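Right, one structure below, let's go through it.
None of the figures in this text is laboratory data; all of them are computed from the coordinates on show. Keep in mind the model is a prediction, meaning the values are calculated, not measured. Here the Cβ is made from the backbone with ideal geometry for all residues, glycine too, and neighbour counts use every protein chain on show.
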Amino acid sequence: MKKILLMGGTGAMGMYLTPLLLDKNYEVWITSRSQRDSYHQNLKYLIGNAKNTNWLFSEVENEKFDAIFDFMMYSNQEFEKVYQKLLSLTTQYFYFSSYRAYAHEDGILTEDTALKVDVLDKYPEYRVDRYGINKGFQENILRKSELKNWTIIRPAMTYGKNRIQWFAGDNFDVVRAVRGVLTALPRSMWNIENNIAYGRDVALMLERLIGKKRAFAQAFHTTTETMSWGQMADVYNQVFDMKIDLVSDEEYIESIDYQDGRIVDRFRRKKFLNEKILSVTGLSNDDFHDLKSGLTEAFQASNIKNFQFNGNAAVYQAKFDALTGSLTDLAFIPETMRIQFESIRKNALFREKITMEQFRIRVINDYWSAKQFEEGVKLTRTSRPCDGPIMDNRWINFELDPTDYLKKGKIYTLSLKIDSDVATTFTPFVHHYGIGIQRFTPLQLKVGANQFDIEFVAATDNLTDFSLTATDFTIQTSFFIKEMQLKK
């Protein structure tokens, strides 16, 4: 019976590879830091830290494996100490690198595309991605080895039941979706291509590479689909009811750690060809799941609905709440983090889009009345004669949260959808509690549905209020504001 060792084999790829190998009648050994019970007679767990080489090599002493799949993450120094021993323990050693090892080249990437580590002198900005650089460095260590029984795997974005990714990271965007909260995507990325694969399909490719001499001393992509982020968003919406708020690159970057090399890479257009691995394994793209069926299967098997945010994930959630204006229920935030969470959320950057529900409505005179309905806000203007300038507190006011105060010189768009029962006019304006008033051109309302998009440049800092005032107070009339948005 052939024997396989999986080091750190409980992730998005290993969790699918294990049952596949067992079905193929392999004996499977897995290193794990947590206690696990074997569920199959040919499955053996080695409980311990695989980076503890004294422990690991004592556990596998006198063993010879047909393949080792090494999912571990090493420092360069750690890898230099262990790679020769690992190569000697097996007929075929699978080293898991990453698509992030590639230099940032837009367009089609093959396994021969340059690696970041090899072009640092020309592109020093790549140094921000230590993970990608280290993966390339460790690949080069293998290439210089006298033993050539290695196979390099460069996975792209890979999802499974315990790891469903979207643009920024693992799980939390999907968790937002299943809880009815908006997530975000940089607007510039909508038509940019990305590469994705289901862990179950990657496992199928990996199993087919075992023992293939054509795979020795070679690198392979394991992606199965290439599509734009916009196309992916449509599929995620179908599976998770994910709603995407398109935001500016600048604000998205401010909401996350852009120094994370993964995010830097996400902003690049990449298309990975998988012809090489298909040629060696005899598989075709028809053997793989499409994105919708793969995500559906992974989601149904997951426990993602019970996911609770903590640490950096909670910080990102707070910032995404501010970015999208869609708020996470605090019940999903650990009690010990709730004060910090709310503080971050309140002090985060200006939201890309503020909807009517996020304005505070203040009626500060008896010329107007306002009533909130599920469909919007009904404003009623009285017929009381106006005995002074119409800007003298004869307005209905929509007040911004302090985190959303407008910034001088920034361009904004105020969008309004209004149903009116008469043909009339009114003037919108922006100000700070009546100071620094910036008036706009009066709007002409017709009977029925009206839509307006008012683009303006903020004349001063800290503008807090949008207001509407009538240009004719001689008649009583009602307006129904069905939609009001402020966009940056």
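Quick notes on this one:
- Difference of contour (0.36 nm per residue) and Cα-Cα distance, D241 to A459: 74.5 nm
- Placing +1 on the Cβ of every Lys and Arg and -1 on the Cβ of every Asp and Glu, with no other charges, gives the chain a dipole of roughly 720 debye about its Cα centre.
- Charge dipole of the chain about the Cα centre (unit charges at C-beta), most positive-ward option of P442, Y45, A12: Y45
- Selection from V202, N54, A298 lying farthest towards where the dipole of the chain points positive, charges on Cβ: N54
- Over all other residues within a Cβ to Cβ distance under 15 Å of I153, the charged ones net out to +3, with Lys and Arg as +1 and Asp and Glu as -1.
- Lys/Arg +1, Asp/Glu -1 at C-beta; the chain dipole; positive extreme among L468, I153, I333: I153
- DSSP loop GluC sites (Glu not before Pro) with at most 15 other Cβ within 10 Å excluded, longest remaining stretch of the chain: 147-373
- Fraction of antiparallel bridges per DSSP, the chain only, in percent to nearest 5: 65 percent
- Inter-part distance where the stretch 110-148 and the stretch 453-484 are each reduced to a Cα centre, Å: 57 Å
- Relative contact order for the chain, counting Cα pairs under 8 Å that sit 6 or more residues apart, in percent: 12 percent
- For the residue pairs K51/K148; K2/K44; K319/K407, alpha carbon separations beyond 21 Å are given by K51/K148.
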